[in-house]
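Below is one structure; the comments refer to it alone.
Each reported figure results from applying straightforward, stated rules to the coordinates on display, with no laboratory input. Note that the structure is a prediction, hence the values are computed from the model and not measured. As a convention, Cβ positions derive from the backbone with ideal geometry for all residues, glycine included, and neighbour counts pool all protein chains shown.
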Amino acid sequence: MTTVSDHQNTSDSASAQPTPNAELTHEEIFGAHEGGKLAVAPTAALTSPRDLSIAYTPGVAKVSRAINADQTLTSRYTWTSGLVAVVSDGTAVLGLGDIGPRASLPVMEGKAALFKNFAGLDSIPLVLDTTDNDEIVETLVRLRPSFGAVNLEDVAAPRCFDLERRLVEALDCPVMHDDQHGTAVVTLAALRNACRLSGREFGSLRVVISGAGAAGVACAEILEAAGVGEVVVADSRGVIHSGRDNLTPIKAELAERTNPRHVTGGLPEALRGADVLIGVSAGTIPAELVETMADDAVVFALSNPDPEIHPEVAARHASVVATGRSDFPNQINNVLAFPGIFKGALHAGSRMISDRMKVAAAEAIAAVASEELAADYIVPSPLDPRVAPEVADAVAEAARQDGVATA
């Protein structure tokens, strides 16, 4: 059977961690973005009258008639089988917050460029001038014949949870909010390898997640799906537990599923004796709290641009430290996940992206780094060309096991 990774370029030399970037200049940045970062190029030759007759009229009419008779031929004879719509309303862009659709467009173009570079997938940035979930869902339902998958990007919590759920229900194609699940997948991969280094078992782990936004909720969900023993989530008001009032519906669900020892209070109470800290908030965490964690603790301080605790400080009390930054070891970067996840889902003709597919992606990422595993190398470099093909194959197989694949 031909796999997703067939004919992909692989190189062991790319497994090294990225080196810090030199200082970027104003001219370099704006020059690279002038005119945008994307272009559309034909895949069919158009150099003769015969070429025109095949690619356009009269030849194209035969293809349109065939699709009209059998809608399933769309994926074979159009680009939709490899086309991702990168959709945002610009309400939670990087560290910039609610900057609106137009200002978010350079980010969405960048995301589309990453899809092409790392997975060979075409994608179209769609920034929508509305924050009404009803309008966004209706818009994408009407546009559904034009694309094969939806990557939601930079949509603010808590609206992002409802929007993703409704789109998954309304569209017969893969939908994923990358700010949630991309972060969660790479976090799970990194934690798998951190546990291998420290000799810990997933089933006995005590994990504390600082932050209950999009990434925090998704991390809690995937860690539970992967079999972590205990997950405790804290937000700006303290530990989330069933006795707290004024919980949002999402946090109320978290309270029912997490915190089995019914920890109350704040991070001081949650972190005492914990094995793992995952920071996905904009807050700060004092070194004294990390010092109260279990011996050989694991700390993922993922807030950007400023980690919750400086990695050099965390390393005094933890055996493995990761951040979201490229200038420190162990970068938890979504680009390790989303290109391969969407490529695998589209290759399998999947109608959705399931929990099994996300966990399979995490396992594939972890496996790429496993042969060279070290405290400063628990995930591959985002530039490692081995990652996307391995993730795509694992995701496609998981889709078949889940019964959501059609190819």
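At 0.36 nm per residue, minus the direct Cα-Cα distance, what do Arg356 and Lys37 gain on full extension? Give it in nm, one decimal, please. Don't skip to the answer; put the middle values down first.
Numbers: separation 319, 0.36 × 319 = 114.84 nm, distance 3.37 nm.
Answer, rounded to one decimal: 111.5 nm.
Based on the mean of other Cβ atoms within 10 Å per residue, sort peptides 351-357, 95-101, 265-271 so the most packed one is first. The partial results should precede the final answer.
Values: 351-357: 20.3, 95-101: 13.7, 265-271: 18.6.
My ranking of the peptides, most packed first, is 351-357, 265-271, 95-101.
Quick check on the chain: what does the Kirkwood estimate of hydrodynamic radius come out to from the alpha carbon pairs, in Å?
On the way: mean 1/r = 0.0449 Å⁻¹.
Mean inverse Cα-Cα distance, inverted, gives 22.3 Å.
Let's see if you can work this out: charge +1 on each Lys and Arg Cβ, -1 on each Asp and Glu Cβ, no other charges. What is the dipole magnitude of the chain about its Cα centre, in debye to the nearest 20? Don't skip to the end; give the middle numbers.
On the way: 31 positive and 53 negative charges, 230 e Å.
For this selection, approximately 1100 debye.
Under 5 Å between amide hydrogens, which residues at least 5 positions from Ile353 or on another chain qualify, with H placed 1.01 Å from N in the peptide plane?
The answer is Val175.
For Lys116 paired with Asp306, estimate the spin-label separation in nm (one decimal), with each label point 7 Å from Cα along the Cα-to-Cβ line.
Roughly 3.7 nm, to one decimal.
Charges only on Cβ, +1 for Lys and Arg, -1 for Asp and Glu: so what's the dipole of the stretch 96-188 about the Cα centre, in debye to the nearest 20?
Result for the stretch 96-188 is approximately 260 debye, rounded to the nearest 20.
Would you kindly derive the ³J(HN,Hα) couplings of the stretch 37-45 from the backbone phi angles with the Karplus curve 6.51 cos²θ - 1.76 cosθ + 1.60 (θ = phi - 60°), listing them in order in whole Hz, with x for Gly and Pro?
10, 10, 8, 9, 10, x, 9, 9, 5
Can you compute the helix-only [θ] at 222 nm over the chain? Use -39500 (n - 2.57) per DSSP H run of at least 4 residues, normalise by all residues, nearest 500 deg cm²/dmol.
On the way: 16 runs with 171 residues, N = 407.
Only helices count here, giving -12500 deg cm²/dmol.
Using amide H atoms built 1.01 Å from N in the peptide plane, name the residues 5+ places from Asp122, or on other chains, whose amide H lies under 5 Å from its own.
Val84
Can you work out the FRET efficiency for the pair Glu269 and Asp376, with r the C-beta to C-beta distance and R0 = 30 Å, to the nearest 0.05?
On the way: r = 31 Å, r/R0 = 1.03.
After rounding, the FRET efficiency stands at 0.45.
Return the sequence-ordered ³J(HN,Hα) values of the stretch 54-63 in whole Hz as given by the Karplus equation 6.51 cos²θ - 1.76 cosθ + 1.60 applied to θ = phi - 60°, using x for Gly and Pro.
7, 6, 10, 6, x, x, 4, 4, 4, 5
PRE reach from Asp162 (point 7 Å along Cα→Cβ): which of the stretch 211-232 fall under 16 Å by backbone N?
The answer is 214.
Which residues does the label zone of Thr406 cover in the stretch 321-360, counting backbone N under 11 Å from a point 7 Å along Cα→Cβ?
Residues 349-352 fall inside that zone.
Which number do you get for Rg(Cα) / (2.2 N^0.38 Å) in the stretch 179-300?
Details: Rg = 13.1 Å, N = 122, 2.2 N^0.38 = 13.7 Å.
Relative to the rule-of-thumb radius for its length, the stretch 179-300 sits at 0.96.
Among Tyr377, Ser204, Ala392, whose Cα lies farthest out toward the positive end of the dipole of the chain, if unit charges sit on the beta carbon of Lys, Arg (+1) and Asp, Glu (-1)?
Selected residue: Ala392.
Give me the distance in nm between label points sitting 7 Å out from Cα along the Cα-to-Cβ direction at Val63 and Glu288, one decimal.
For Val63 paired with Glu288, the spin-label model returns 6.8 nm.
Within the chain, count lysine pairs with alpha carbon atoms under 28 angstrom apart where the residues are 8 or more positions apart or belong to different chains.
Value for the chain: 9.
Which order do peptides 186-193, 305-312, 221-228, 73-80 fall in by mean Cβ count within 10 Å, highest first?
Details: 186-193: 26.5, 305-312: 17.5, 221-228: 19.5, 73-80: 15.4.
By packing density, highest mean first, the sequence is 186-193, 221-228, 305-312, 73-80.
Quick one: if you stick a label point 7 Å off each Cα along the C-beta vector at Asp295 and Ala170, how many nm between them?
Roughly 5.5 nm, to one decimal.
Using 1/(1 + (r/R0)^6) with R0 = 25 angstrom and r between the beta carbons of Arg144 and Asp98, what's the FRET efficiency to the nearest 0.05?
Details: r = 27 Å, r/R0 = 1.08.
Plugging the Cβ-Cβ distance into 1/(1 + (r/R0)^6) gives 0.40.
Taking 8 Å as the Cα distance limit and 6 or more residues as the minimum spacing, I'd like the relative contact order of the chain as a percentage. Don't jump to the answer; show the numbers that get you there.
Numbers: 781 pairs, mean separation 71.6, N = 407.
In percent, rounded to a whole number, it is 18.
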